[in-house]
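Scroll down for the structure; my scribbles are underneath it.
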Amino acid sequence: MSAASTPPEQIPVRVFGGPTALIEYGGLRFLTDPTFDAPGDYPLGPGLVLTKTAPSSASPEDLGRIDVVLLSHDEHPDNLDHSGRALLADVPVTLTTPSGAGRLGADAKGLEDWESVELDRPDGGTVTVTGVPAIHGPGTREEVEPISGEVVGFVLTAADLATVYVSGDNASLALVKEIGERFGPVDTAVLFAGAPRLPVFDSTVVLDSAQAAEAAQLLGARRVVPVHFDSWAHFTEGRDDLVAAFTAAGLADRLQLN
């Protein structure tokens, strides 16, 4: 079966709450933005606190082997918390932003825009992980990054497997369009959503539900697994909003909520 015809159901994706999901791809186990701390208040900066409202549905001990962490950024507690940082020490490879790799140390590798790395598969062959651009807020990178920091998304490809896109904390549909033009159609899109709002910006800092549906169209995605829409008080749209937006766009059959 060709990569183009590989059913997306053959790529298991399990979501644990917040931005954290486990993707099994080519015999490797990829974990996105690990967050397993208990509900409570987590300082983000002077005068700014993020409140976690619900626990993860699993603990790090429940996950089994993790081969790679795909870390969109390391600076915010709703993307990498204390438990997540501890988990990184037991994972062979962490892929993240160039600046984040500098902060995290030797086992982390930073990916520039469109930079790829090849990972050996247990059964032979390789998986290619490409870092793709993301902007964590409204505006240009020059406007946003001094406030919210550097963020990266990821595309997973292999010769015999369908393509997977992990958006990270991205708010730019223009970047999604560019990624779709380079890699589309994307079979499985793990989209960070939730329409989170912070007082430092006058708009959402990650996709809202309608934008997630538009992103699915731009990518030609056959399956969308949303993450980053629950468990935190600054997320302003949840499960029902995603269902409504994808239904309005005629894409309800592509949405996988688990």
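Please treat every number below as a calculation from the coordinates, not as lab data. Please read these numbers as outputs of a predicted model, since none were measured by experiment. Ideal geometry is used to build each Cβ from the backbone, glycine not excepted, and the neighbour counts take in all protein chains shown.
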Paramagnetic reach from Thr128 in region 21-64 [backbone N under 18 Å; point 7 Å along Cα→Cβ]:
25-28
Near the amide H of Leu255, under 5 Å away, which other amide H atoms are found, from residues 5 or more places off or on another chain, if H is placed in the peptide plane?
Val224
In sequence order, what are the phi-derived ³J(HN,Hα) couplings for region 120-133 according to the Karplus relation 6.51 cos²θ - 1.76 cosθ + 1.60 with θ = phi - 60°, rounded to whole Hz, with x for glycine and proline?
6, 8, x, 9, x, x, 9, 10, 9, 10, 10, x, 10, x
Any chance you could check the Cα centroid distance between region 197-258 and region 26-70 for me, in angstrom?
19
The chain - mean residue ellipticity at 222 nm from DSSP helices (-39,500 (n - 2.57) per run, n ≥ 4, rounded to 500)
-6000 deg cm²/dmol
I want the local charge near Arg103. Using Cβ-Cβ distances under 14 Å, sum +1 for each Lys or Arg and -1 for each Asp or Glu among the other residues.
-2
On the principal axes of its Cα set, how long, how wide and how thick is the chain? Give whole Å, largest value first.
53, 44, 36
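Would you work out the relative contact order for region 8-248, in percent, from Cα pairs under 8 angstrom that are 6 or more residues apart?
Working: 582 pairs, mean separation 39.9, N = 241.
Result for region 8-248 is 17 percent.
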Sorted by chain and number, the residues with a modelled amide H under 5 Å from that of Arg29, at a separation of 5 or more or across chains, are Asp67, Val68
